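Inspection log for the structure reproduced underneath, given as structure tokens.
The values are calculated or read from the model by the stated rules, or taken from the named source; none is laboratory data. Quick caveat: nothing in here was measured; it's all calculated off a predicted structure. Using ideal geometry, Cβ is built from the backbone for each residue, glycine included, and neighbour counts are taken over all protein chains shown. Surface accessibility is based on the protein's heavy atoms, side chains included, excluding ligands, DNA and RNA. Shrake-Rupley method; radii C 1.70, N 1.55, O 1.52, S 1.80 Å.
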Amino acid sequence: RESCKLINSKGSLVKSSETGIHKVSEMIFKGITEHGFSRKIWLKSDLNPKTPNQEAIDWIFLVDTLNFSFWPDEGNSKFGVKDHNGKLQTGYWSLCAAVNRALKVGIPVTSAEFMANATLEQIKTIFRSDTNGEIPLIEERLKAMNNAGRVLLEKYFGSFAMCVMRAEKDVHKLLSIIIDNFESYRDICQYKENTVSFLKRAQILIADIWTCFDAKDLGEFHNIDELTMFADYRIPQALVALNALEYSEKLKQILKNKEPISSGSETECEIRGLSIYVCDLIQERVKEMSKENGSSVEVNAVLVDYFLWEWARDNRSTIEELPFHRSRCIYY
């Protein structure tokens, strides 16, 4: 959060828009008060585990360890996997469908022992596509998976649930455990000689446990509101489509030309940093609306992110008027 305030003060390619922020805040307030949007969104997808137990945490940990970079290179087909109902899933949901497909046939893909010892051939089979596309960064996924499994076996009795318990309901403690021990989650870079952190996958890992457990038992965190939104490539695209973020003409041209943007570059930092900054403003505005309305609504950066991610999926043609930023990396 402090990193993003710094980027907002020093950046030149991306800026916030008060009009758009107000519009998105109204959308989310209405979504919560009139349409029942809440953390129970976890139950909306039948690809997610429904029973809040250790097995669910192990599933979430594996999925979020591999939750990055699903978009295809220009000219290639999207990676896709058919779910248990025969529906083709793409993006993040293709990962979930592939994990569930493996579990269904008896491959213990979520176990720490399997993760630690998985081979390239094994995960190529597990993450085989039902389209002509392939999952990107397969070797990087194997490295992340092997590392995560080994750490769980060596330090946490083979389950991420032990990490959650040791955090004692504190998101900062759990973030530290994740970043200190699992190298693929270290989403940190340099911006204008300053170290900035985004921690997209580490934060969404905590948030997914929070929603899966409905903020109870191992999903209870007394400071969940201190997480930021999860800076990826879809939420910035949605914020631009909703006019809450504004890109410079130079940046727009880069995106329209589908030019690659280096991971950790100042351009990427500004896109991600301003997205977090704007989502913080949105959640504060929703809280103000709730107070003015005399109502009490649960809203935080996690729910703002989930709302915008769902909106982006439902409004794909609208958001794709301006392509997302193409930064190929393991962090989102």
Exercise. Between segment 1-48 and segment 220-245, what's the alpha-carbon centroid distance in Å?
Worked result: 5
Exercise. How much accessible area per residue does segment 1-108 have, in Å², with a 1.4 Å probe?
Worked result: 49
Problem set entry | Accessible area (Å², per residue) of segment 159-242, counting only protein heavy atoms and a probe of 1.4 Å | 34
Seminar exercise, completed: Sorted by chain and then number, the residues having a modelled amide H within less than 5 Å of the amide H of GLN89, at least 5 places away or on another chain, are VAL81, LYS82, ASP83
Seminar exercise, completed: Residue by residue through segment 251-266, the couplings from Karplus 6.51 cos²θ - 1.76 cosθ + 1.60 with θ = phi - 60°, in Hz, x for Gly and Pro, are 5, 4, 5, 4, 5, 4, 7, 6, 6, x, 10, 4, 5, x, 6, 4
For this session: Keeping all protein chains in place, calculate the accessible area per residue for segment 244-318 (probe 1.4 angstrom), answer in Å².
Result: 45
For this session: Using a cut-off of 15 Å between beta-carbons, work out the net charge of the residues near GLN122 (Lys and Arg +1, Asp and Glu -1, GLN122 not included).
Result: +2
For this session: Calculate what fraction, in whole %, of the accessible area of segment 140-219 sits on carbon and sulfur atoms when a 1.4 Å probe is rolled over the protein chains.
Result: 49
Problem set entry | Flagged links, alpha-carbon separation over 24 Å, of LYS15/LYS258; LYS50/LYS82; LYS44/LYS124; LYS23/LYS87; LYS5/LYS143; LYS15/LYS256 | LYS44/LYS124; LYS23/LYS87; LYS5/LYS143
Problem set entry | Correct choice for Kirkwood radius over Cα pairs in Å that was computed from the model, options (1) 25.2; (2) 20.4; (3) 43.6 | (2)
Seminar exercise, completed: Taking only Cα atoms of segment 142-301, the Rg to Rh ratio with Kirkwood Rh works out at 1.01
Seminar exercise, completed: Expressed in µm² per second, the diffusion coefficient of segment 129-170 from the Stokes-Einstein equation, with Rh the Kirkwood radius over alpha carbon pairs, at 37 °C and 0.692 mPa s, is 266
Exercise. Between GLY133, GLY11, TRP93, whose Cα lies farthest towards the positive end of the dipole of segment 1-154 when Lys and Arg beta carbons carry +1 and Asp and Glu beta carbons carry -1, centred on the Cα centre?
Worked result: GLY11
Seminar exercise, completed: Of the accessible area of segment 8-134, computed with a 1.4 Å probe and all protein chains kept, carbon and sulfur make up a percent value of 48
Exercise. Hey, what do the phi angles of segment 199-212 turn into as Karplus ³J(HN,Hα) couplings, whole Hz, using 6.51/-1.76/1.60 and θ = phi - 60°, x for Gly and Pro?
Worked result: 6, 4, 6, 5, 6, 5, 4, 5, 5, 5, 5, 4, 6, 4
Seminar exercise, completed: Residue by residue through segment 45-59, the couplings from Karplus 6.51 cos²θ - 1.76 cosθ + 1.60 with θ = phi - 60°, in Hz, x for Gly and Pro, are 9, 7, 7, 7, x, 9, 8, x, 8, 4, 4, 5, 5, 5, 5
